[in-house]
Amino acid sequence: MRTLIVEFILLGLTNSRCLEIFLFMFLVIAYFLILLGNITVITITLVDHCLQTPMYYFLRNFALLEITFTSTFIPNTLYSLLTERKTISLPGCFLQMLLFFYLGTCTFFHVAAMSFDRYVAICRPLHYTTIMNSRFCLQLVLACWAVSFLLMFPPTIMIVQLPFCGPNVMNHFYCDTSLLLQLSCTDTGFIEELMLIVIIIIIPGTLIITAISYGCIIVTILHIPSSTGRKKAFSTCSAHLMVVMIFYSTSIYRYIRPAQRGGQHSDKVLSFFFSVVTQMLNPYIYSLRNNQVKQALKGSMLKAFSSSLRQS
């Protein structure tokens, strides 16, 4: 008779204690930058009246999404690296898996929504305020959250109901869906096929929207008569495209290629790249290098400084 397991062992990113210390320091800095950058974006877009536009509405929601997404696994990973405690309870693993892939799915849809917003702003500037009104923006954001939930809920519920009899060792730093399926002591063929269909809808589906939007943006930019205007537009667009390409290429290679039994080191590296590195870059590329945001930050800092001087 097989005994059902009550916890999993996450092997983490490395077996070397020296590398674990280095990764702990890197993750602390990365998590701090993620929180600082995204909290700054949320705060400045809320308090500055000049940033009350659809673009910054989407960026504010995207920043909130990034904070919650990275918080599903980074604190637990830091605790594991610091204490060398590798175990996670079965309910904790399921909860982490659910939040990670639900919020990760939301990220793909938010990137597509932001690319559509930029398409309307650059390619249909005269109709921008009409199309991207506050009601439509709210509906678009709510649709991102709702569709993500509808896509991820059925396979997640099916995974939670699976029996796990051992082994309970997972070669990863968070509870990964594909590895959970491999550890189940029952046939998971149907769930694996369902997950593949869902992932194909999520990743290539949103990539098509994003690629079409940026393709139209690039064509429009090429028709700008001023070379200075083209250079400025390409500078912003290229930075966005760089993040999008890294995010999608790593995600496609990690989740759409045939599954590797037992987990591979390359899987952990790719997961670390799109779940930590790109999240760390996003607020600085999408928001904080924007001139309007820079001016708003300077204005807020000057107000805070002058206010402190008056009080002293």
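Expressed as a whole percent, the proportion of Cα-Cα pairs in the range 1-118 lying more than 22 Å apart is 49%.
Using the beta-carbon distance between LEU196 and LEU33 and R0 = 35 Å, what value does 1/(1 + (r/R0)^6) give for FRET efficiency, to the nearest 0.05? Walk me through the numbers on the way to the answer.
Numbers: r = 34 Å, r/R0 = 0.97.
Efficiency at R0 = 35 Å is approximately 0.55.
Annotation: extensible slack from ILE131 through GLN295 equals 56.3 nm (criterion: 0.36 nm per residue apart, minus Cα-Cα distance). Taking a point 7 Å from the Cα of CYS185 along the Cα-to-Cβ direction, the residues of the range 148-177 with backbone N closer than 20 Å to it are 158-171. The residues of the range 73-181 present an accessible area of 44 Å² per residue when probed at 1.4 Å with all protein chains retained.
Got a number for carbon plus sulfur as a percent of the chain's accessible area, 1.4 Å probe? Don't jump to the answer; show the numbers that get you there.
Numbers: 11230 of 15890 Å².
Looking at the chain in its full context, I get 71 percent from C and S.
Total lysine pairs in the chain at Cα distances under 30 Å, for residues eight or more apart or on different chains: 7. Rounded to the nearest 10 degrees, the angle from helix 227-255 to the longest Cα principal axis of the chain is 10 degrees.
Using a Gaussian network model of the chain in which every pair of alpha carbons under 10 angstrom is joined by a spring, one finds that among THR43, THR70, THR130 the greatest mean-square fluctuation is at THR130. Here the relative contact order of the chain, from alpha carbon pairs under 8 Å that lie six or more residues apart, stands at 26 percent. Between PHE73, PHE22, PHE109, the residue with the greatest mean-square fluctuation in the GNM of the chain (Cα pairs under 10 Å linked by springs) is PHE22. With the simple spin-label model, which puts each label point 7 Å out from Cα in the Cβ direction, the ILE157 to ARG124 separation comes to 3.6 nm.
To the nearest 0.05, what FRET efficiency results for SER89 and MET242 with a Förster distance of 51 Å applied to their C-beta separation?
On the way: r = 39 Å, r/R0 = 0.76.
Plugging the Cβ-Cβ distance into 1/(1 + (r/R0)^6) gives 0.85.
Among ARG124, ARG85, ARG135, the largest mean-square fluctuation in a Gaussian network model of the chain (Cα springs under 10 Å) belongs to ARG135.
Of the residues LEU98, LEU65, LEU222, the one with the largest accessible area comes first in the ranking LEU222, LEU98, LEU65, computed with a 1.4 Å probe on protein heavy atoms.
Scattering from the chain was approximated by placing one identical point on each alpha carbon and applying the Debye formula without solvent; log10 I(q)/I(0) at 0.07, 0.13 1/Å stands at -0.32, -1.00.
The values are calculated or read from the model by the stated rules, or taken from the named source; none is laboratory data. Remember, predicted model here, so these are calculated numbers, not experimental data. Backbone-built Cβ (ideal geometry, glycine too); neighbour counts: all protein chains shown. All accessible areas refer to the heavy atoms of the entire protein, side chains included, with ligands and DNA or RNA removed. Shrake-Rupley method; radii C 1.70, N 1.55, O 1.52, S 1.80 Å.
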